[in-house]
1. If a residue has to be outside any helix (DSSP H, G or I), more than 20 Å from A:G138 (Cβ to Cβ) and either out of contact with any helix residue (DSSP H, G or I) (no Cβ under 6 Å at 6 or more places or on another chain) or within 13 Å of ligand 2 (Cβ to nearest atom) (or both) to count, how many in segment B:124-148 make the cut?
2. Output yes when any residue across segment A:81-102 is within 15 Å of ligand 2 (Cβ to nearest atom) and among the hydrophobic types (A, V, I, L, M, F, W, C), and no when none is.
3. Restricting to segment B:203-237, and then to whatever is open to solvent by 70 Å² or more (accessible area, probe 1.4 Å) and either in contact with a Pro (Cβ under 6 Å, 6 or more places away or on another chain) or of a type in the set (D, E) (or both), can you tell me which residue is farthest from A:V122 (Cα to Cα)?
4. Identify all residues within segment B:12-68 that are surrounded by fewer than 20 Cβ atoms within 10 Å (Cβ to Cβ) and touching a Lys or Arg at 6+ places or on another chain (Cβ under 6 Å); write none if there are none.
5. So, in segment A:248-274, exactly how many residues are within 13 Å of chain B (Cβ to nearest Cβ) and part of a helix (DSSP H, G or I)?
6. Here is a check on your reading of the model: is A:H277 more than 9 Å from ligand 1 (Cβ to nearest atom), in a helix (DSSP H, G or I) and under 24 Å from the mean Cα position of the chain (by Cα)?
7. If I ask for residues that are more than 14 Å from ligand 1 (Cβ to nearest atom) and either in a strand (DSSP E or B) or closer than 15 Å to B:A68 by Cβ (or both), which ones from segment B:1-15 would you list?
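The values are calculated or read from the model by the stated rules, or taken from the named source; none is laboratory data. None of the values given here were measured: they were computed from a predicted structure. Using ideal geometry, Cβ is built from the backbone for each residue, glycine included, and neighbour counts are taken over all protein chains shown. Side chains included, ligands, DNA and RNA excluded: accessible areas come from the protein's heavy atoms. Shrake-Rupley method; radii C 1.70, N 1.55, O 1.52, S 1.80 Å.
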Amino acid sequence: MIVTLVELENGSVSEISLETLAFARSLAAEGGGIAIRAVVVGDVDAPDAVAAELGAHGVSEVLQATGDAFSAYGGAAWAAALQAARESTKSVVVTAAGSPRGMEVLAHLAARLDVPFAANVVSFSGLAPFVVTRQVVGGAAQEEMKLDRRPAVLTVAGHSWTAAAVGGDAATWTTFSPEVAEADLVARVVATGTKDSDDSDSLKSARVVVGAGRGAGGPEGFAAVGELAELLHGSLGVSRVVTSLGWRPHHEQVGQTGSRISPELYVPCGISGAIQHWAGCSSSKVIVAINTDAEAPMMTKATYAVVGDMHEVVPAIVEEIRGRKG
Amino acid sequence: MTDVLVCIKRVPDTSGQVLLTDDEQSVDARFVGFTVSNHEHAAVELAIRMADATGGTVTLLSVGPADAVEQLRSTLALGCQAAVLVEAEPTGLGPADVAAEIAAVVQDKAFDLVLLGNDAADSGDFQVPVRLAYALDRPIVVGASSVEIADGRLKSFVDGPEGEETYDLPLPAVVSVLEGGVEPRYPSLKGRMAAKKVEIETRTPTREPVGANRVRLTLPPAEPNEVEVLGEGPGTAPAVVDLFERLAVL
Ligand SMILES: Cc1cc2nc3c(=O)[nH]c(=O)nc-3n(C[C@H](O)[C@H](O)[C@H](O)COP(=O)(O)OP(=O)(O)OC[C@H]3O[C@@H](n4cnc5c(N)ncnc54)[C@H](O)[C@@H]3O)c2cc1C
Ligand SMILES: Nc1ncnc2c1ncn2[C@@H]1O[C@H](COP(=O)(O)O)[C@@H](O)[C@H]1O
């Protein structure tokens, strides 16, 4: 049995959790048709819809952890729920998405069970012994790692698998209320602020995306790329450096822990093209990269490259388009 | 007064090209040199701010080769007071080993607060901080962008999926830090001079390592690609716009 921690986003299953289920299905098939259970923690607004969605993605049963312990997020409490679910199902593999929460909860689980934990797995190459390949060195290298203890605990790197509905019946739904020790409730969220509108849908479906990375230089460095995106009726997409420095909001992030885009045209400016960024933009039809460094990975992987300072090149392109439009 | 321990790891500087050693067990850093990850720089910055605010101290700890004194020394120069090196062969260590060695130092020296990075830049294991918390039987906040101490309690802020999350917990505690919440400082000349005088305490590991379960490292295959260079500088704009017209995106 495989048990997968599933995260919900606005009431439905997050994309990266569905990708993790694609990995789990492949593993289940290799193991001769092992069942996949999903664990969700806390309240669920529309269980029927979630059961249908998870069933379509290959899950036979959903175990929902309920109770006061899960009214707010806490890594240890979530791990306690996952641990109880894994014990009752006697699962030999526990997976979660390579999202911040997936990483945190599975690290807790592995520490509690004193077993190895493989973060950011992209594939597996055998069941006995169970060897997985995972991203290390920020994706620049991969590690083959042996998971020799049970359960095998791993997270699946974002966008390394493609979410796909395979058309199963709705999963059965079971609630359970695991006991959670006092000590597991000490570190939990006591307040949550609000985010600015988190609309990444337009980015995911955009025909044109203009990208900007650290090369933008600061929060004021996005005017020209924004203008270009507008002229091309497209969206702005950014690298993680840009969101973690707070220059732009997270919903604009492209990559492994952001949106996966597949536009006709992607114009990354001042983005080096690290593997985690590439994971989100590699299905773009045409890539026109603008970068001062001709050797940056994005410049060598692109369809077309312009070597130059984005603060000069992008305004020149904007001006040229305006000139031609008259 | 808060005395903070910050754990830093000597890692290859992999912003450029990455090569592997012949035994496929580690990154070959001969041509790139070594550094400390951005998350750990942020953790050091937060620690210095807390120590300054409360009249406490910052101690650095690294588990690794003798050469890790380089990273300890250059980080000391930012304004930390002490440093400990647990000297061990890095390829033999797994995350559980590192966590156990850090725990031994924490227990010995009674630090109330331990800060670490969210994930190490080379091994990317995403677990040493959590394993440390269990080894110490302390609560942990993972991926904090900032921390504060008030009235003996720790407030910690995480950029969560629905907005900024606040944690409020008693000390002692463990926190892993994600870069981005604070701007790390640069060393001052005075800091550099002071760092030279600090005696770095060296220790030996307390137990046999269980290892990292690593079979080997590989480099992802290079995908063949013919990129067409349109040109250099702003003069390329007409060629770019011609291309946009051909692609019918205008
Ligand atoms: C688990 C994990 C998940 C991650 N998820 C993501 C993700 O979802 N998305 C993501 O993007 N990253 C992600 N990353 C981070 C990723 O590894 C890189 O650090 C990040 O993509 C780099 O962003 P960047 O290209 O903007 O910055 P850098 O790598 O610093 O590159 C800046 C580039 O700009 C160029 N440049 C500088 N100045 C100029 C100028 N004036 N004009 C033109 N070019 C200029 C430079 O030559 C360089 O190529 C993740 C990392 C990890 C470990
Ligand atoms: N060998 C080490 N010495 C000191 N700190 C370490 C070591 N390995 C990991 N850490 C700390 O643990 C964090 C997370 O590492 P990891 O779990 O290996 O991804 C790092 O950012 C460091 O702060």
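1. Selection size over segment B:124-148: 8.
2. Checked against the condition, which is being within 15 Å of ligand 2 (Cβ to nearest atom) and among the hydrophobic types (A, V, I, L, M, F, W, C), segment A:81-102 yields no hits at all.
3. B:E232
4. Scanning segment B:12-68 gives B:E24, B:F34.
5. 2
6. No: the conditions fail for A:H277.
7. Correct list: B:V4, B:L5, B:V6, B:C7, B:I8, B:K9, B:R10, B:P12.
For every residue, the table says whether it meets (1) within 7 Å of ligand 1 (Cβ to nearest atom); (2) closer than 22 Å to B:E232 by Cβ; (3) modelled with pLDDT of 95 or more.
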| site | (1), (2), (3) |
| --- | --- |
| A:P249 | no, no, no |
| A:S262 | no, no, no |
| A:G273 | yes, yes, no |
| A:S283 | no, no, no |
| A:T292 | yes, yes, yes |
